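Worksheet for the structure shown next.
The values are calculated or read from the model by the stated rules, or taken from the named source; none is laboratory data. Since the structure is predicted, the reported quantities are computational estimates derived from the model, not experimental observations. Reconstructed Cβ throughout: ideal geometry from the backbone, glycine too, with neighbour counts over all protein chains shown. SASA here: full protein model, heavy atoms, side chains in, ligands and nucleic acids out. Shrake-Rupley method; radii C 1.70, N 1.55, O 1.52, S 1.80 Å.
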Amino acid sequence: MTWQDLSTAAPLVAAILLAITVLIVDLIWPGRKALSITTALVGLAIVAALSATATPGTAFGGAYTQDALTSFLNVLFVALVALTIMFAPDYLESRDLPIAEFSVVLIFAMTGAMLIAASADLLLMFLGLELMVLPGYMLAAFAKRDALSTEGAIKYFLLGSFSSAIFLFGLAFTWGLAGSTRVADVAAHLSEIAAGGAALSPGLAMGLAFMTTGVAFKIAAVPFHYWTPDAYQGSPTPVTGYLSVGPKIGAFALVLRLFVGALDPLKADWEIVVIVLAALTMTLGNLVALTQSNVKRMLAYSSIAHTGYILVGLAAYAGGRIEGLEGLLYYGAAYTFMNLGAFAVVAALQRRPGVTSHLDTFAGLGRREPVLGILMTLFLLSLTGIPPFAGFFAKAYVILAAVQAGGANTILAVIAVLNAAAAAFYYLRVVVYMFMREPTTEGAPPRHGNLVWAGLWAASFLTIAIGLFPGPLLEVVNQAARALT
Amino acid sequence: MLELVPLIPALPIAGFAITALIGRRLGKRASVIPVLAVIAAWAISMAVVYAVLTHQEPFGEAGATIALWQWIPAGAFHVDIAFHVDALTAALLIVVTTIGMLVHIYSIGYMSHDPGYWRFFAYLNLFMFSMLLLVLADNFLVVFVAWELVGLCSYLLIGFWYRRRSAALAAKKAFIVNRVGDVGFALGIMLIWSQLGTLNIGEVIERIGELDSVVVSLIALLIFAGAVGKSAQFPLHVWLPDAMEGPTPVSALIHAATMVNAGVYLVARTGAIFAHAPEVMVVVVAVGIFTAILAASIAFTQTDIKRVLAYSTLSQLGYMFAALGVGAYTAAIFHLMTHGFFKGLLFLGSGSVIHAVHEEQDMRRMGGLAKKIPITYATMAIGAIAISGIPPLAGFFSKDEILAESFKNGFLWVWAIGLLVAGMTAFYMFRLIGLTFWGGFRGPREIWDRVHESPAVMTIPLILLAIPSLFIGLAIGFPPENGLLHGWLEPIFHEARELLHLEHHEYQVFGIDGALLVASVAIAVIGIVIALRLFGVEFPGLRGQARPEAVQRLSARLPFPYRASLNKWWFDELYDLLFIRIGGRIAAFLWWFDRVVVDGTVNGVGVLTTDAGRGLRRVQTGRVQNYALGIAIGLIVMAGSYLVIAGR
């Protein structure tokens, strides 16, 4: 390890230091919540600034790479962790849950995601993945005295470990056949095989299957999604918001580094698998979301459907369109802000312990708390995919890329459009409840902290801004996509 | 200078946002921000207009474009937000911002007692933004967005007093009738995109010649359909008279001086497209001149002061379309400008009258108001003379030019009908003045005692509008066909005119042009004289009694034309029959079909999917072992399929 290595990995180093700092601050001044939160947010801003300005290069003998994709993903991770920290205090405080530990665990999870985004080595990817998901298990169990939370967390942990093992198995196969764990070497070896025109060896096919399964679990693609509803339902709502976005975007970073980076030569082989996964994922996610009467659970299933849409971008890339990758990255950013925003509104409504996230809680929200109602409507419209919000352009870009890719991707595009139409039903149902039903609960609405408002305004601003002025973001994702290929 | 252009629409939208958010709390101060925003936008516009018309850099001869950002970049389909400013835009900017500003100021007084004060100003500012966006945009899609936005503002403002049933209905009527035209416009835009792959107006005009002539004709017709809706031409003219349910400043701004001109502007802007489709231009002429005479004939017998003006607006818009159709683009824009000023003046004046007689709009209960409200009277009289086409007031120059060009470009029938309409216009305008201002008061006594002139905040805009109504024709349109305006606009329409083989003839004062000029002045004088004979006159040095019995005799002798005019040629009844009764039957059948067949199918699918969803939900047993088994099975399937793929 040299200075050179450390300065290339400065964002990651800063994130780790930040987590430790917040831990120490909380140790010295326990109970000073504002201090911990401020430290965390300021630190995150520094990490974001370091990531955005990081100079491209490699470190640790080529295992760690810093490029436009790394920067983009890092900033996105920081944004989603920062928003989660902003949304959490109201909810956690009223349930006597510690906010400082929450921030620390989140930031540790973020370091894992950042490591994935920067990894150019199969082993490092696995390391990052584990670093990212382990804090996730802790977060799922954050309300330790709540039986549901603990139950969901244990299931998540067991199945997560199971799938990690499967994934590692796949890595081992690949390493065994390629003779190296470096992404560049693997890709070079595989392209020789692909160029030879010979059929894939069964070993490589098994490796691909194990890796695909492992990754599909992490992004919660059907049929490897079973863990999501239970984990999401049981977790405290701010954690659910994070779980539906953070590990998913992190896992997609893994997909990009692994499938688009190392396994790119074999894309003719995994294209059809991704197409089937995408079609299954969005269709099943939507179908089940249709029947939910609990908004939190509905959002959990709908997040599965969104995984499907994001996979459409990957499939389009495999079909030969780089625009698919751009759409995937754009979708990731749009999804982060709109989904976190929607969960934040749910969390805000559950400020008082005991309030459920059932649809009835939303009845008459437009009259009781008009601003909250309007913001929720905005997020839901964006999730549905209605212009001019970010969600619309996100869907438009991935679907457009799929159409351009042609072949089986065209069918996938049709399925995606049909699914988007079906999704309108359950998203807009919430809007109907908010604005056209009489409120069922009496009494003054709870007061929401300034931090929550700031976060909500930031998320809604971004949801609108990305839709209205997509230019700058498109520029960035374009560079990120080109850095990868 | 170019960098200032985005501020012109930005100021009103900022005013709208602020007023919409906090206006309610400001009470009577709510007008401060919107009015200041519009005044600032006016000042900037004037500076920009000056720079454009004097060909300063960066505008030069052809105008300049400022690109703000790329709005929709989706592969080959991209829409940029960019503003294009050239002489045509400048002409529109003059009308829109000047009249917009004066109407804003006037509204401070006119709406002062209204509980929806802040809401009114918020809408007005939103309208200003939309209208300015419409004239500045350089892209068909952005124009369309602005087109819909002005339509929305029109809807909101017609229905401003939404508790009044007639206002709510009129708002809906305007909105729905406009939809018909807008569908056409939208289809036109899609056709342009599918044929040319661009929506940038400049590029489209440049490349329109590449297309098949049938396609070009279709595009032109579809664009014209949009213009017909927005500018209330036959057969979509029915919404504009009802739109008078809105507050009078709205009628002046939106339904006389600006929004209804959008159609004229659009056709002028895309003049080159129309020039490639001469047969469509004949349609434009026919629709325009027919609307002109139809509306003028209806205006003869209307008794609501605002409705007379509304039909007059229809008629004058018809003139403009006729001018566009015969290739007299500059004359059309010239008339658009002069008409904007004097019709805005007439509407604001009518608002002042209505205010004075306590919200009475029926001219049968007015009369003799000249003595009580002298400023309103004087300014409205100027407006009436201007619209009648008496030299040297504004309307004379523009109207004469339209008529002369129709004649010289070979559209004799257009000229003949136009001339007749000019006489009719003079007649009904002086009927309006006579009934309102001259003779004795016919309303209740207690109202007469309380008739008072409007406050200065309302009369000053009237005076300020009277000045251009007097001089603008002389200032920018003299000498005829060779004035300042022609110098500005000629380069823009040069291409279209060349395509139509229209050459610029030398103006012959002692030839054909002089003769046409005398004819149009003569017919205007005849119209005025007849009106003065029938409805009286009280000019200094010229007095005459109204002769209601002669009017009655005349209408009794011509029963059919009289009733046709009074009943607006039964268009509302015809549409009621066609669309409400017959259309209603069809709709009822479709509803039945929709409910039983379509809904049945959809609900069936819905039940099926929710059932499927429930079935799938059962997979979620909550037992980890089952989940792990599921994952294992998934893995096996996955491995199997990869092996199959690999073995291909």
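Scan segment B:500-507 and tell me whether some residue there is in a loop (DSSP other than H, G, I, E, B), acidic (D, E) and under 30 Å from B:A277 (Cβ atoms).
The answer is yes; a qualifying residue exists.
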Identify, from the list A:D90, A:D121, A:D96, the residue that is free of Cβ contacts under 8 Å to residues at least 12 places away in the same chain and not β-branched (V, I, T).
-> A:D96
Give the residues of segment A:188-226 that are modelled with pLDDT under 85 and of a type in the set (A, V, I, L, M, F, W, C), sorted by residue number.
-> A:I193, A:A194, A:A195, A:A198, A:A199, A:L200, A:V222
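Looking at segment B:380-393, is at least one residue aliphatic (A, V, I, L, M), more than 15 Å from B:I472 (Cβ to Cβ), under 23 Å from the mean Cα position of the chain (by Cα) and open to solvent by less than 20 Å² (accessible area, probe 1.4 Å)? Lay out the reasoning, then the answer.
Within segment B:380-393, the first condition is being aliphatic (A, V, I, L, M), and the residues that meet it are B:380-382, B:384-387, B:390, B:393.
This time we only want the ones that are more than 15 Å from B:I472 (Cβ to Cβ), so: B:380-381, B:384.
So of that shortlist, the ones also under 23 Å from the mean Cα position of the chain (by Cα) come out as B:380, B:384.
Within this subset, residues satisfying the condition of being open to solvent by less than 20 Å² (accessible area, probe 1.4 Å) are B:380, B:384.
So far as segment B:380-393 goes, yes, one or more of its residues are aliphatic (A, V, I, L, M), more than 15 Å from B:I472 (Cβ to Cβ), under 23 Å from the mean Cα position of the chain (by Cα) and open to solvent by less than 20 Å² (accessible area, probe 1.4 Å).
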Can you tell me how many residues in segment B:563-594 are within 29 Å of the chain's Cα centre (by Cα) and not charged (D, E, K, R)?
-> 14
Quick check: anything in segment B:208-224 under 14 Å from the mean Cα position of the chain (by Cα) and touching a residue at least 60 places away in the same chain (Cβ under 8 Å)?
-> yes
Would it be correct to say that A:T111 is within 30 Å of B:Q625 (Cβ to Cβ) and among the polar types (S, T, N, Q)?
-> no
Among helices (runs of 4 or more DSSP H) completely within segment B:535-647, the ones holding 2 or more residues that are away from chain A (no Cβ under 14 Å) and of a type in the set (F, W, Y) are B:559-566, B:571-575, B:583-593
State all residues of segment A:125-158 that are closer than 22 Å to A:A88 by Cβ and aromatic (F, W, Y); if no residue qualifies, say none.
-> A:Y137, A:F142, A:Y156, A:F157
Residues located in segment B:31-44, provided they are touching a residue at least 60 places away in the same chain (Cβ under 8 Å), crowded, with 19+ Cβ neighbours inside 10 Å and out of contact with any Gly (no Cβ under 7 Å at 6 or more places or on another chain) | B:S31, B:V35, B:A41
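Given A:S7, A:S71, A:S51, which one is open to solvent by 30 Å² or more (accessible area, probe 1.4 Å), closer than 27 Å to A:V260 by Cα and part of a helix (DSSP H, G or I)? Steps first, please.
Numbers: A:S71 fails: open to solvent by 30 Å² or more (accessible area, probe 1.4 Å); A:S51 fails: open to solvent by 30 Å² or more (accessible area, probe 1.4 Å).
Of the residues listed, the single one that is open to solvent by 30 Å² or more (accessible area, probe 1.4 Å), closer than 27 Å to A:V260 by Cα and part of a helix (DSSP H, G or I) is A:S7.
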Single unsatisfied condition, B:M101 versus (1) more than 14 Å from chain A (Cβ to nearest Cβ); (2) farther than 26 Å from B:A268 by Cα = (2)
Scanning segment B:149-174 residue by residue, the ones that are open to solvent by 40 Å² or more (accessible area, probe 1.4 Å) and without any contact (Cβ under 8 Å) to a residue 40 or more places away in the chain total 8
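Pick from B:F407, B:F347, B:F427: which is in a helix (DSSP H, G or I) and open to solvent by less than 10 Å² (accessible area, probe 1.4 Å)?
Numbers: B:F407 fails: open to solvent by less than 10 Å² (accessible area, probe 1.4 Å); B:F427 fails: open to solvent by less than 10 Å² (accessible area, probe 1.4 Å).
The match here is B:F347.
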Which members of segment A:291-309 meet the condition of being open to solvent by 20 Å² or more (accessible area, probe 1.4 Å) and within 11 Å of chain B (Cβ to nearest Cβ)?
-> A:T291, A:R297
Evaluate the following for A:V312: is it crowded, with 24+ Cβ neighbours inside 10 Å and touching a Gly at 6+ places or on another chain (Cβ under 9 Å)?
-> yes
Mind listing just one residue for me: the one in segment A:344-357 that is out of contact with any Pro (no Cβ under 7 Å at 6 or more places or on another chain) and modelled with pLDDT of 85 or more and, of those, nearest to A:R482 (Cα to Cα)?
-> A:A344
Checking B:G434, B:G439, B:G487 in turn, the sole residue that is touching a strand residue (DSSP E or B) at 6+ places or on another chain (Cβ under 6 Å) and either assigned to a helix (DSSP H, G or I) or over 30 Å from B:R547 (Cα atoms) (or both) turns out to be B:G434
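Results for (1) small (G, A, S); (2) over 28 Å from B:L348 (Cα atoms); (3) open to solvent by less than 30 Å² (accessible area, probe 1.4 Å), shown as yes or no for each residue.
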{"residue": "B:T19", "(1), (2), (3)": "no, no, yes"}
{"residue": "B:R25", "(1), (2), (3)": "no, yes, no"}
{"residue": "B:R29", "(1), (2), (3)": "no, no, no"}
{"residue": "B:Y50", "(1), (2), (3)": "no, no, no"}
{"residue": "B:E61", "(1), (2), (3)": "no, yes, no"}
{"residue": "B:D86", "(1), (2), (3)": "no, yes, yes"}
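Could we say that A:L277 is open to solvent by 10 Å² or more (accessible area, probe 1.4 Å) and modelled with pLDDT of 90 or more here?
Judged against the criteria, A:L277 is a match.
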Across segment A:386-404, what is the number of residues that are open to solvent by 20 Å² or more (accessible area, probe 1.4 Å) and not polar (S, T, N, Q)?
-> 10
If you go through segment A:36-70 one residue at a time, how many are hydrophobic (A, V, I, L, M, F, W, C) and more than 15 Å from A:A82 (Cα to Cα)?
-> 8
From the residues in segment A:204-226 that are touching a Phe, Trp or Tyr at 6+ places or on another chain (Cβ under 6 Å) and open to solvent by 10 Å² or more (accessible area, probe 1.4 Å), which one is nearest to the other protein chains (Cβ to nearest Cβ)?
-> A:Y226
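Return yes when A:S94 is open to solvent by less than 10 Å² (accessible area, probe 1.4 Å) and at pLDDT below 95 and no when it is not. Lay out the reasoning, then the answer.
Details: open to solvent by less than 10 Å² (accessible area, probe 1.4 Å): no; at pLDDT below 95: yes.
When the stated conditions are applied, A:S94 does not pass them.
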Scanning segment B:104-138 residue by residue, those surrounded by 24 or more Cβ atoms within 10 Å (Cβ to Cβ) and of a type in the set (S, T, N, Q) turn out to be B:S107, B:N125, B:S130
Filter segment A:257-290 for residues that are acidic (D, E) and either within 11 Å of chain B (Cβ to nearest Cβ) or closer than 18 Å to A:S244 by Cα (or both) and give the result.
-> A:D269, A:E271
In segment A:145-159, what residues are assigned to a helix (DSSP H, G or I), surrounded by fewer than 21 Cβ atoms within 10 Å (Cβ to Cβ) and more than 12 Å from every other protein chain (Cβ to nearest Cβ)?
-> A:A147, A:T150
